[in-house]
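Colleague: I have a structure I would like to understand better, so I am pasting it below and will then ask my questions one at a time.
The values are calculated or read from the model by the stated rules, or taken from the named source; none is laboratory data. None of these values were measured; they are calculated from a predicted model. When we count neighbours, we look across all protein chains shown, and the Cβ atoms used for this are built from the backbone with ideal geometry, even at glycine. Quick note on the areas: whole protein, heavy atoms, side chains included, nothing else; ligands and nucleic acids left out. Shrake-Rupley method; radii C 1.70, N 1.55, O 1.52, S 1.80 Å.
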Amino acid sequence: QVQLVESGGGLVQAGGSLRLSCAASGHTFRLHAMGWFRQAPGKERECVAATSWSGGNKVYADSEKGRFTVSRDNAKNTMYLQMNSLKPEDTAVYYCAAAVVPMTMRDATNYNYWGQGTQVTVFS
């Protein structure tokens, strides 16, 4: 079993930055990849960024590449999402997810564990 706990969401002015954290615990040795997804009201859940467990492979949504950066801290067993130059359209609930098998990291259906989500609100 794997547990994921997210933190770092909040209210931020457009152009500002936030860093989201996802702490993993339990049988993390089974994990292949971790990813960040977001879902705004009335919209589909979409992948923002994802990383292999080792941190060697990373993927980003085309629209977010350059503004968002995903990283891993193995000592703390934590994944981060650094979000810069935030825009109102980035407003959503952001979820951390983890997968136990190799897969297409952008596909939410391949993930086995999910955090509770953290709200990010960007105002102008």
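Colleague: Send over the semi-axes of the stretch 1-41's equivalent ellipsoid, whole angstrom and largest first, taken as the square roots of 5 times the C-alpha gyration tensor eigenvalues.
Modeller: Equivalent ellipsoid of the stretch 1-41: 26, 11, 9 Å, largest first.
Colleague: Dipole size in debye (nearest 20) for the stretch 1-121 around its Cα centre, Lys and Arg Cβ +1, Asp and Glu Cβ -1?
Modeller: Roughly 200 debye, rounded to the nearest 20.
Colleague: Taking the Cα atoms of the chain alone, what are Rg (to one decimal) and Dmax (as a whole number) in Å?
Modeller: 13.4, 42
Colleague: Ok, one more. Pull the list of the chain cysteines that no other Cys approaches to under 4.7 Å, Cβ to Cβ.
Modeller: Singleton cysteines: 47.
Colleague: Oh, and also: Using a Gaussian network for the chain with springs between C-alpha atoms less than 10 Å apart, which of these wobbles most: 64, 89, 46?
Modeller: Comparing 64, 89, 46 in a Gaussian network model of the chain, the most mobile one is 89.
Colleague: Could you identify which residue out of 54, 63, 71 has the top mean-square fluctuation in a GNM of the chain using Cα springs shorter than 10 Å?
Modeller: Sorting by GNM fluctuation, first place goes to 63.
Colleague: Another question about this same structure. Can you tell which of 112, 84, 57 shows the greatest fluctuation in a Gaussian network model of the chain with Cα springs below 10 Å?
Modeller: 57
Colleague: Further question: I want to check a number: in the chain, how many lysine pairs have alpha carbons closer than 21 Å, given a sequence separation of 8 or more or different chains? List each step's numbers first, then the result.
Modeller: On the way: 43/65; 43/87; 58/76; 65/87.
Lysine pairs meeting the criterion: 4.
Colleague: Using a 1.4 angstrom probe on heavy atoms only, work out the carbon and sulfur share of the accessible area of the chain in %.
Modeller: 48 percent
Colleague: Quick one: plug the Kirkwood hydrodynamic radius of the stretch 63-124 (C-alpha pairs) into Stokes-Einstein at 37 °C, 0.692 mPa s, and report D in µm²/s.
Modeller: 245 µm²/s
Colleague: Could you calculate the contour length gain from residue 7 to residue 19, that is, 0.36 nm times the residue separation minus the distance between their Cα atoms, to one decimal place in nm?
Modeller: Fully extending the segment from residue 7 to residue 19 adds 3.5 nm.
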